[in-house]
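Just so it is clear, none of the values below were taken in a lab; they were calculated from the coordinates. Quantities reported herein were computed from a predicted structural model and do not represent experimental measurements. No Cβ is skipped: glycine too gets one built from the backbone with ideal geometry, and neighbour counts run over all protein chains shown.
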Amino acid sequence: MPRTTLESPRRSRAPVGSPAAALASVMLQAGIDPRHEAEDLQEALQRAIALHRYSCTWTRVPAGWVVAIPFPEPHRFFGTTLEEALAWCLAWVQTRDPRLP
């Protein structure tokens, strides 16, 4: 059975419930345009995480990127790009503190 698709902001078709659609939704909810250039997107994602009073570090690994939050308990988020790993981190942060976008 084919999955339903949505038109993403980058005009690519992503299946509903796909990681790409979920991450685009997280970014849009935080007021971040997913169509930004990579460096601008990284800065916007890091700023959105900081608004929730979290800080993060990232490391390049052979399979992509790892973003880590050391507090309140250590968490790691993985992505094939730094933007993807930061967006997963932001998604987790947003669930911890839903008062902010």
(request) Take each of the peptides 33-42, 49-58, average the number of other beta-carbon atoms within 10 Å over its residues, and list them starting from the highest. (result) 49-58, 33-42
(message) Can you tell me, using C-alpha contacts under 8 Å and at least 6 residues apart, the relative contact order of region 12-96 as a whole percent?
(response) 24
(request) Provide the descending list of Cα extents for region 12-96 along its principal axes, expressed in whole angstroms. (result) 36, 30, 24
